[in-house]
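Enquirer: Dumping the structure here so I can ask a few things about it.
The values are calculated or read from the model by the stated rules, or taken from the named source; none is laboratory data. Predicted, not measured: the structure shown is a model, and the values here were computed from it. Every residue, glycine among them, receives a Cβ derived from its backbone with ideal geometry; neighbour counts consider all protein chains shown. Heavy atoms of the whole protein, side chains included, go into the accessibility calculation; ligands, DNA and RNA do not. Shrake-Rupley method; radii C 1.70, N 1.55, O 1.52, S 1.80 Å.
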Amino acid sequence: MSALNRASVSRHLLTARPTGTGIVHLGLGNFHRAHQAVYTAQAGDGWGILGVASRSATVADAMNSQDGLYSVLELSPGGSSISVPGVHTGAIVAADNPAAVVDAIAAEDTRIVSMTVTEHGYCMDPSTHRLALEHPGIVADLSGTTPRTVIGQIARALERRAETHGAPITVLNCDNMQSNGTQTRSLVLEFLQGSKAEDWVAENVAFPNSMVDRIVPATTDAYRAAAYELLGVHDLSPVPAEPFTMWVMEDRFAAGRPAWERGGAVFSDEVEAYELLKLRLLNGTHSLIAYLGALDGHATIPEARATGFIESAARAVLEDEYLPTVALPRDFDIDAYIASLFERWSNDALGHRTQQVGSDGSVKLPQRIPAPAIQLLREGVVPEHLALTCAAWLCCVVPLSGFDPGPHARAMVDPARERLGALAAHSRSTEDLVRSAIGQVFATELAESNDFARRVSDYVAVITRDGVRAAAREAARSRSSRPHASPAA
């Protein structure tokens with residue numbers, strides 16, 4: 001940001017600049033900068049954050065050239081506002097200097113290491129939830145001294161803390177994983193199995209569970225122009241975000257924390273209930289909207305949500321298939337929450353893109369679909385719209401020969417696209433492909449369900465032959481007739 005306009009920037013600063021670093025955050029993407037960083041600024045108690053980008057230097061370079069500053073642009077149909085968190089003390093790129101990441105986490109002044117690296121950043125086997133020991137990065141980190149995976153970097157830094165000053169620390173997972181703190185603890189301890197630091201970590205490192213929620217799209221030139229209009233300064237890396245924001249976590253910190261409650265964070269012993277609400281009702285339904293929308297030619301989530309058959313499908317999967325599988329937190333207003341979800345998905349000022357929401361489905365969907373699908377199948381209910389979600393995802397990322405899913409689906413990024421393509425090339429039928437894909441990507445028990453695999457196969461066939469609208473109509477008819485499966489033993 002231009003030094004000539006620092007007075008303009010100062011008017012929008014949320015807090016005085018920190019003098020030291022207490023938090024190292026892995027994953028310097030838009031979500032962290034519009035979420036944890038804003039809460040830390042609103043706490044106003046001097047905690048500084050060192051941001052660590054995974055691979056790309058774009059954001060780190062922009063922030064370093066702007067004294068660690070950037071703006072958060074809140075967008076809604078009712079108007080826009082802008083703020084500058086001002087809590088980052090620096091930004092580095094892990095791929096360029098992985099040793100610096102370990103050094104930063106191991107530093108005695110660091111009291112929290114937090115992460116938003118998305119689900120696939122943990123090198124976890126989705127079927128077992130254990131560390132993927134065959135992952136090339138984990139193999140290299142277990143045998144080397146300069147780790148490059150997130151779990152390897154955290155584990156090696158904790159080893160160094162144990163060997164040197166021994167100061168306690170908190171590892172705070174802020175990704176969309178059920179029981180994310182507990183899961184991270186298991187992965188780290190599995191990495192350290194047999195290490196001298198294993199017992200020290202168990203006694204001196206806290207891994208609180210947390211749930212985070214805010215829709216934050218990618219930055220574009222249009223958002224840069226909007227930020228300039230409100231800020232009066234050219235920001236190289238503004239962050240667009242919706243007004244809604246939520247953060248729920250356990251109050252288990254080994255070495256203190258910012259007063260995040262001043263920004264509205266909730267400390268609760270019911271984090272898992274909030275997690276399931278978000279993972280299923282928000283994230284799971286969001287995925288269905290994205291895949292149906294992309295296949296129907298819609299570039300953005302608001303466009304897709306405004307389409308009648310997509311809204312009907314979204315309400316069906318949310319109310320009939322996700323909601324019955326979650327236990328609500330105490331005194332939680334579920335009607336207001338559902339209303340807020342559909343309002344958020346209608347935010348055309350934000351314009352969240354279907355290709356962004358639909359990307360990485362092979363990593364995201366295992367967190368959202370198998371557990372509720374299995375629960376319903378055990379109760380003798382075929383989860384038609386969960387099957388439709390799987391089918392629409394497969395049609396987006398591995399379309400059958402002769403079927404064009406459209407530009408928005410083709411633009412989706414998925415780490416399993418090549419692997420699924422190989423399965424498709426060797427599959428004898430659509431059902432064979434579906435069973436293989438579900439078996440590799442989702443839980444084995446779900447793959448072994450004939451009712452579920454057949455419904456996914458049916459919907460893939462309908463989408464390929466007659467289009468996504470026909471598939472949604474069939475799901476709606478099946479929903480109204482309430483077909484049942486053979487209850488699982």
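Enquirer: State whether segment 210-330 is rounded, prolate or oblate according to the following rule on the C-alpha gyration tensor (a ≥ b ≥ c being the square roots of its eigenvalues): a/c under 1.5 gives rounded; otherwise a/b larger than b/c gives prolate, and the remaining case gives oblate.
Expert: Oblate is the answer for segment 210-330, as a/c is 1.5 or above yet b/c matches or exceeds a/b.
Enquirer: How big is the charge dipole of segment 341-489 about its Cα centre, in debye rounded to the nearest 20, if each Lys and Arg gets +1 on its Cβ and each Asp and Glu gets -1 on its Cβ?
Expert: Taking the Cα centre of segment 341-489 as origin, the dipole is about 160 debye.
Enquirer: Can you tell me what percent of all Cα-Cα pairs in segment 139-283 are more than 23 Å apart?
Expert: Result: 51 percent of Cα pairs exceed 23 Å.
Enquirer: Take every Cα pair under 8 Å in the chain that's 6+ residues apart, average their separations, divide by the length, and report that relative contact order as a whole percent.
Expert: 14 percent
Enquirer: Could I ask something else about it? For segment 194-280, what is the charge dipole size about the Cα centre, in debye to the nearest 20, if Lys and Arg each add +1 at the Cβ and Asp and Glu each add -1 at the Cβ?
Expert: Taking the Cα centre of segment 194-280 as origin, the dipole is about 220 debye.
Enquirer: Please tell me the relative contact order of segment 89-223 in percent, rounded to the nearest whole number, where contacts are Cα pairs under 8 Å and at least six residues apart.
Expert: About 27 percent, as a whole number.
Enquirer: Additional query: Quick check: the angle from helix 384-397's long axis to the longest principal axis of the chain, C-alpha only, nearest 10 degrees?
Expert: Approximately 70 degrees, to the nearest 10.
Enquirer: Here is a further query. Rounded to the nearest Å, what's the spacing between the alpha carbon centres of segment 242-316 and segment 1-79? Just the number, please.
Expert: 22 Å
Enquirer: At 0.36 nm per residue, and after removing the present C-alpha to C-alpha distance, how many nm does the segment from Gln193 to Ser340 gain when stretched out fully?
Expert: 48.5 nm
Enquirer: Pick out, from Phe31, Val87, Ala62, the residue whose Cα sits farthest towards the positive end of the charge dipole of segment 29-130, with +1 on the Cβ of Lys and Arg and -1 on the Cβ of Asp and Glu.
Expert: Toward the positive end, the furthest listed residue is Phe31.
Enquirer: For the chain, what is the accessible area per residue in Å² when the probe is 1.4 Å?
Expert: For the chain, the per-residue accessible area is 39 Å².
Enquirer: Read phi for every residue in segment 121-127 and hand back ³J(HN,Hα) as whole Hz from Karplus 6.51 cos²θ - 1.76 cosθ + 1.60, θ = phi - 60°, with x for Gly and Pro.
Expert: Whole-Hz 3J(HN,Hα) from phi for segment 121-127: x, 9, 6, 10, 6, x, 7.
Enquirer: Can I ask one more? For the chain, with only Lys/Arg (+1) and Asp/Glu (-1) charged at the beta-carbon, what is the dipole magnitude about the Cα centre, in debye rounded to 20?
Expert: 580 debye
Enquirer: What does the extension gain come out to for Tyr228 and Asp67, with contour length at 0.36 nm per residue minus their alpha carbon separation?
Expert: Using 0.36 nm per residue and subtracting the Cα-Cα distance, I get 56.2 nm.
Enquirer: Sticking with this structure for a sec: With a ≥ b ≥ c taken as the square roots of the eigenvalues of the C-alpha gyration tensor of segment 97-147, please select rounded if a/c is under 1.5 and otherwise prolate if a/b is larger than b/c or oblate if it is not?
Expert: oblate
Enquirer: Mean separation of Cα pairs under 8 Å and 6+ residues apart, divided by the residue count of segment 387-476: what relative contact order is that in percent?
Expert: Across segment 387-476, relative contact order equals 37 percent.
Enquirer: Ignoring ligands, DNA and RNA, what percent of the accessible area of the chain is carbon or sulfur (1.4 Å)?
Expert: Here carbon and sulfur together make up 49 percent of the probe-accessible area.
Enquirer: Given the convex hull of the Cα atoms of segment 62-126, what is a quarter of its surface area in nm²?
Expert: Over every viewing direction, the Cα hull of segment 62-126 projects on average to 7.4 nm².
Enquirer: Cα centroid distance between segment 177-226 and segment 130-167, in Å?
Expert: About 14 Å separates the Cα centre of segment 177-226 from the one of segment 130-167.
Enquirer: Here is a further query. Could you give P(r) for segment 97-202, binned at 10 Å from zero, as whole percent values over all Cα-Cα pairs?
Expert: Once binned at 10 Å, the Cα pair distances of segment 97-202 give 15, 52, 31, 2.
Enquirer: What is the ratio of the Cα radius of gyration of segment 1-101 to 2.2 N^0.38 Å, where N is its residue count, to two decimals?
Expert: So the Cα radius of gyration is 1.06 times the expected 2.2 N^0.38 Å.
Enquirer: If you don't mind, another one. With a/c under 1.5 counting as rounded, go ahead and sort segment 32-83 into rounded, prolate or oblate using the C-alpha gyration tensor (a ≥ b ≥ c being the square roots of the eigenvalues; past the cut-off, prolate if a/b is larger than b/c, else oblate).
Expert: oblate
Enquirer: Here's another thing I want to ask about it. In sequence order, what are the phi-derived ³J(HN,Hα) couplings for segment 339-347 according to the Karplus relation 6.51 cos²θ - 1.76 cosθ + 1.60 with θ = phi - 60°, rounded to whole Hz, with x for glycine and proline?
Expert: Computed from phi, the couplings for segment 339-347 are 4, 5, 4, 5, 5, 5, 5, 9, 6 Hz.
Enquirer: Go ahead and run the numbers for FRET between Thr146 and Asp125, Cβ-Cβ distance against an R0 of 25 Å, rounding to 0.05.
Expert: Working from the Cβ atoms, E equals 0.55.
Enquirer: Specify the inter-centroid distance of segment 446-460 and segment 380-419, based on alpha-carbon positions, in whole Å.
Expert: 14 Å
Enquirer: Working from the pairwise distances between different alpha carbons, so that the mean of 1/r is found and then inverted, what is segment 265-393's Kirkwood radius in Å?
Expert: 14.9 Å
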